[in-house]
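Visitor: First the structure, then my questions, so here it is.
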Amino acid sequence: MIQIENLHFGYSRKSILFQNLNLTLSRGHIYGLLGKNGAGKSTLLKNMVGLAYPQAGRCLFQGINVAEHSPEILSDLFFLPEEIYVPAQSVDRFVANTACFYPQFDEQFFYRLLEEFEVPREAILNRLSFGQQKKVMISFGLATNTALLVMDEPTNGLDIPSKVQFRKIIAMALTEERCIIISTHQVRDLDSLIDTVVVLHNREIILKETLDSIAERLYFTTISDTTGLKVLYEEESYRGKQVILPNEEERFSKVDLELLFNALISGKQNLTPSSNQNYHEKYV
Amino acid sequence: MLFKKHTSENYKSYLLSVGVLTGIMFLLMYFAAKISENYILNSYKQMEFFWGLLILAGTFFASTSFANLSDKKRAITQLTLPATRFEKYLVSWLYSVIIFLIVYTSIFYLVNISILHFFKQPGKVIKIFNIFAETDNNIFYSVFFSFAFVQSLAFLGSVWFKKAHYIKTAFTFFLFIIILQLLNHRFLEWFLEKDLNLALVFGPIAFLQNKEIVILDMSQEQAHLFSLMLLILSFILWTATYYRLKEKQI
């Protein structure tokens, strides 16, 4: 669905953010795009939706270059930025004026999501709190039923119960026809939500792999003593040592995204299947 | 759909602007009439008000056309909305040229008639300036073509600059005019092999000959051609605005 080919991008010629970046994203997945602050997550997303132009390479959505800004493409993708703008209108009026641009918009579903988020439909958008505004726009984005839904730090501004609701709602909205990309630096917010993790670090994608595949390769656990173990990465915690081990005995463990992310950005390249020659062909 | 959405989201601020413009116009024309001889604004003065305020209000309004794009949040919403960039451009152009001219002209005549009625004196008939009847002596073209030119400049400025669009566009324009004026003066002195007292860009030149000041100005036809040139420049600037909008990135 999304194909990024040899992307070169920088806001100026001197500061290059991406060099020769390649990435393919498919329907039926919820991707979690992880990266440190300033890693270029938002910029990568903007390239994907045609808000930024690559210096070289291209971003294709369903085979069409997003830089063309054709209405056909724009009506099949929805981008929710980190900082959102809402007009001084009621929710109803906003829907009446904007939903018509998205042919697959499901109004009933939108109001159901609003109810779920406990946002009154007669509310004036710009008078709502930032968190409430975000809930309206998340609901709107999901109700557009676009094939591609891109959300940049969607959980920023949401309180803890709302984050739980958010996870529930996203899981509800995923269909085989849809591709959802969620970018965040708050790794824990993606727990039990995404199925594939994409890690952006030092101008490149250092990992793109499904959680199932990671769980097959790596074992995440907390132990007090690591003597004699082939530890790939460890972190001290109040419960003991949180460790990542090779999953040689094919045991099941839940992928600890935060631990994995910390391990990856600390330079533990042995955590990626990149030693496998087919990695780039298979995953990226 | 896009026009309806734009109107629905902006009509309140547009109505407020109409109120402010009416108020300013009324005050200026009221005080001008009050200090005039016999409290009369003759049709020449009415025309000056029409033209002057049209340029000021028109450029100010045009400079806000794409100012939203400087705000990252609003720009993302606007640019990702499923419509072509040309449609987005066209809605702003319609508002800042066609709708603005209709609303401005209506306000002007409303205010002008009110002022004339307010200072009405028995036995004196004052002619109301009619811009649409001024086609014979070139005023109609001068007014609307000069508006089109400065509007297109402000329109381009609104998408070109990131902040203080109006000030920056006006500053750039005046800087350009000063440089052009200096070059024009030097060039004409070299070309005519004379010391010139005055040499305005697309305007009259003046020099001393046999101890007398000679002034050369454009003929009526040349003035007409100059107005036409302003319109052509406007089309170029409107096109440049579209391409600037098309390549806009966040």
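The values are calculated or read from the model by the stated rules, or taken from the named source; none is laboratory data. Computed from a predicted model, the values in this text were never measured in an experiment. Glycine gets a Cβ as well: all are built from the backbone with ideal geometry, and neighbour counts include every protein chain shown. The protein model used for the area step is the full one, side chains on, heavy atoms only, and it has no ligands, DNA or RNA in it. Shrake-Rupley method; radii C 1.70, N 1.55, O 1.52, S 1.80 Å.
Visitor: What is the one condition in (1) open to solvent by 30 Å² or more (accessible area, probe 1.4 Å); (2) on the phi > 0 side of the Ramachandran plot that B:N138 does not satisfy?
Guide: Here B:N138 clears every test but (1).
Visitor: Additional query: Looking for whichever is within 14 Å of chain A (Cβ to nearest Cβ), open to solvent by less than 30 Å² (accessible area, probe 1.4 Å) and of a type in the set (A, V, I, L, M, F, W, C) here; the options are B:L53, B:L69, B:L90. Which one fits? So that I can check it myself, show each step before the final result.
Guide: On the way: B:L53 fails: within 14 Å of chain A (Cβ to nearest Cβ); B:L90 fails: open to solvent by less than 30 Å² (accessible area, probe 1.4 Å).
It is B:L69.
Visitor: Quick check: is even one residue across region A:62-79 at the interface with chain B (Cβ under 10 Å from one of its Cβ atoms), over 24 Å from A:L207 (Cβ atoms) and assigned to a strand (DSSP E or B)?
Guide: yes
Visitor: Could you list, in sequence order, all residues of region A:193-230 that are of a type in the set (D, E), open to solvent by 70 Å² or more (accessible area, probe 1.4 Å) and in contact (Cβ under 8 Å) with a residue 40 or more places away in the chain? If you could, list the steps in order and put the result at the bottom.
Guide: Our first condition is that a residue be of a type in the set (D, E); within region A:193-230, this holds for A:195, A:204, A:209, A:212, A:216, A:225.
Filter again for open to solvent by 70 Å² or more (accessible area, probe 1.4 Å), leaving A:204, A:212, A:216, A:225.
Passing the criteria: only A:E204.
Visitor: Only one of (1) surrounded by 15 or more Cβ atoms within 10 Å (Cβ to Cβ); (2) part of a helix (DSSP H, G or I); (3) within 14 Å of chain A (Cβ to nearest Cβ) is not met by B:P82, so which one is it?
Guide: Among (1) surrounded by 15 or more Cβ atoms within 10 Å (Cβ to Cβ); (2) part of a helix (DSSP H, G or I); (3) within 14 Å of chain A (Cβ to nearest Cβ), B:P82 violates only (2).
Visitor: Another question, if that's okay. Select from region B:147-178 the residues that are of a type outside the set (F, W, Y) and open to solvent by 90 Å² or more (accessible area, probe 1.4 Å) and list them in ascending order.
Guide: B:K162, B:K163, B:I167, B:I178
Visitor: Here is a follow-up. Only one of these is under 30 Å from B:E247 (Cα atoms) and either under 14 Å from the mean Cα position of the chain (by Cα) or modelled with pLDDT of 90 or more (or both): B:L79, B:L69. Name it.
Guide: B:L79
Visitor: Taking the residues in region B:1-41 that are more than 14 Å from chain A (Cβ to nearest Cβ) and of a type in the set (S, T, N, Q) as candidates, determine which candidate is most open to solvent (accessible area, probe 1.4 Å).
Guide: Restricting to residues being more than 14 Å from chain A (Cβ to nearest Cβ) and of a type in the set (S, T, N, Q), the top hit is B:N38.
Visitor: Can you name every one of the strands (runs of 3 or more DSSP E) wholly within region B:194-250 that holds 2 or more residues which are surrounded by fewer than 12 Cβ atoms within 10 Å (Cβ to Cβ)?
Guide: Once the strands (runs of 3 or more DSSP E) in region B:194-250 are filtered for at least 2 residues that are surrounded by fewer than 12 Cβ atoms within 10 Å (Cβ to Cβ), what remains is B:212-216.
Visitor: Ok, one more. Could you say whether any residue in region A:14-24 is open to solvent by 10 Å² or more (accessible area, probe 1.4 Å), under 17 Å from the mean Cα position of the chain (by Cα) and away from every other protein chain (no Cβ under 12 Å)?
Guide: There is at least one residue in region A:14-24 that is open to solvent by 10 Å² or more (accessible area, probe 1.4 Å), under 17 Å from the mean Cα position of the chain (by Cα) and away from every other protein chain (no Cβ under 12 Å).
Visitor: Quick check on region B:100-122: of everything there that is open to solvent by 50 Å² or more (accessible area, probe 1.4 Å) and free of Cβ contacts under 8 Å to residues at least 60 places away in the same chain, which residue is farthest from B:N38 (Cα to Cα)?
Guide: Of everything passing the filter in region B:100-122, B:I102 is farthest from B:N38 (Cα to Cα).
Visitor: A further question on this structure: Acidic (D, E), closer than 23 Å to A:E177 by Cα and surrounded by fewer than 14 Cβ atoms within 10 Å (Cβ to Cβ), is that true of A:E115?
Guide: no
Visitor: Now a separate question. For A:F94, indicate whether it is within 10 Å of chain B (Cβ to nearest Cβ), modelled with pLDDT of 90 or more and not in a helix (DSSP H, G or I).
Guide: Numbers: within 10 Å of chain B (Cβ to nearest Cβ): yes; modelled with pLDDT of 90 or more: yes; not in a helix (DSSP H, G or I): no.
No.
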